[in-house]
Amino acid sequence: MFITFEGIEGSGKTTQIQLLIPVLRAKGYECISTREPGATKIGEKIRAILLNANHSNMLPITELLLYEADRAQHVREIIEPALAANKTVVSDRFFDATTVYQGYARGFDLKLIEQMHRIVLGCLKPDLTIILDLPVEIGLKRAWQRINSQSGDLPEDRFEKESFAFHEKVRQGYLTLAELEPGRFRIIDASKDSKTIHKDITEIVLRLSHKGE
Ligand code: TMP
């Protein structure tokens, strides 16, 4: 089973994945949690380039190619071997993020992005994609609180520095994808409290995992 989490900045994906994994393990599913960008050694380096706010002059095409490079490495090194070993893979973002951020928000041709995904992914697609949806103002406020409370390394805030309109396009992009492919996507109201969201997600995931048995 391959599950991905998507959403705008500050939507709580990482927290919800951390809550879900122990539930799945307790039910006897062998699972791994992974993320994009940055799941592999090479990917970590790509992530540092992509999210560094000093790289404000990064060309949109450079950004697109780096996300796809990170994904190619991620799929071959981590996702495909885990799925082949019958593990459940839970990924914090995957290819829908490129369709939405680089496509709907940055304006790259969606057909071009689709072609790149065919090259990088082949037939690989998540069985379930959970979108944590919430208003941009709430998400960005949470994201900045997290960034400001971190110390040490360079902050990964290149995307948080994008305009409100950019993030609104991201939000609407995810909602459009969910409309286009209702069988794969589930939208969760991420403005609710964390416990309620966790309960909603657990129900959806366990229902799907029972179906697959
Ligand atoms: P995150 O770890 O906070 O989700 O940060 C990853 C950032 O990268 C987030 O702002 C979304 C962005 N992103 C893209 O623009 N395209 C992509 O394909 C992926 C995976 C992430």
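Each value in this text was obtained by applying a stated rule to the coordinates, not by laboratory testing. All figures in this text were calculated on a predicted structure; none of them were measured in a lab. Virtual Cβ from ideal backbone geometry, glycine too; neighbours counted across all protein chains shown.
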Looking at the stretch 3-64, which GluC sites (Glu not before Pro) are in a loop (DSSP not H, G, I, E or B) and have at most 12 other Cβ atoms within 10 Å? E30
Estimated 222 nm signal from helices in the chain, with DSSP H stretches of n ≥ 4 weighted -39500 (n - 2.57), rounded to 500: -16000 deg cm²/dmol
The stretch 66-91 versus the stretch 112-142: alpha-carbon centroid distance in Å: 15
Where trypsin sites (Lys or Arg not before Pro) fall in DSSP loop in the stretch 92-175, at most 13 other Cβ within 10 Å: K161
Taking Rh as the Kirkwood radius computed over C-alpha pairs, what is the Stokes-Einstein D of the stretch 1-101 at 10 °C in a medium of viscosity 1.306 mPa s, expressed in µm² per second? 111
Show which lysines lie in cross-link reach of K211 when reach means a straight Cα distance below 29 angstrom and same-chain residues fewer than eight apart are skipped. K13, K27, K87, K125, K192, K195, K199
nm² value of the averaged projected area, convex hull over the Cα atoms of the chain: 11.5
Net charge dipole size for the stretch 2-211 [Lys, Arg +1 and Asp, Glu -1 on Cβ; Debye, nearest 20]: 460
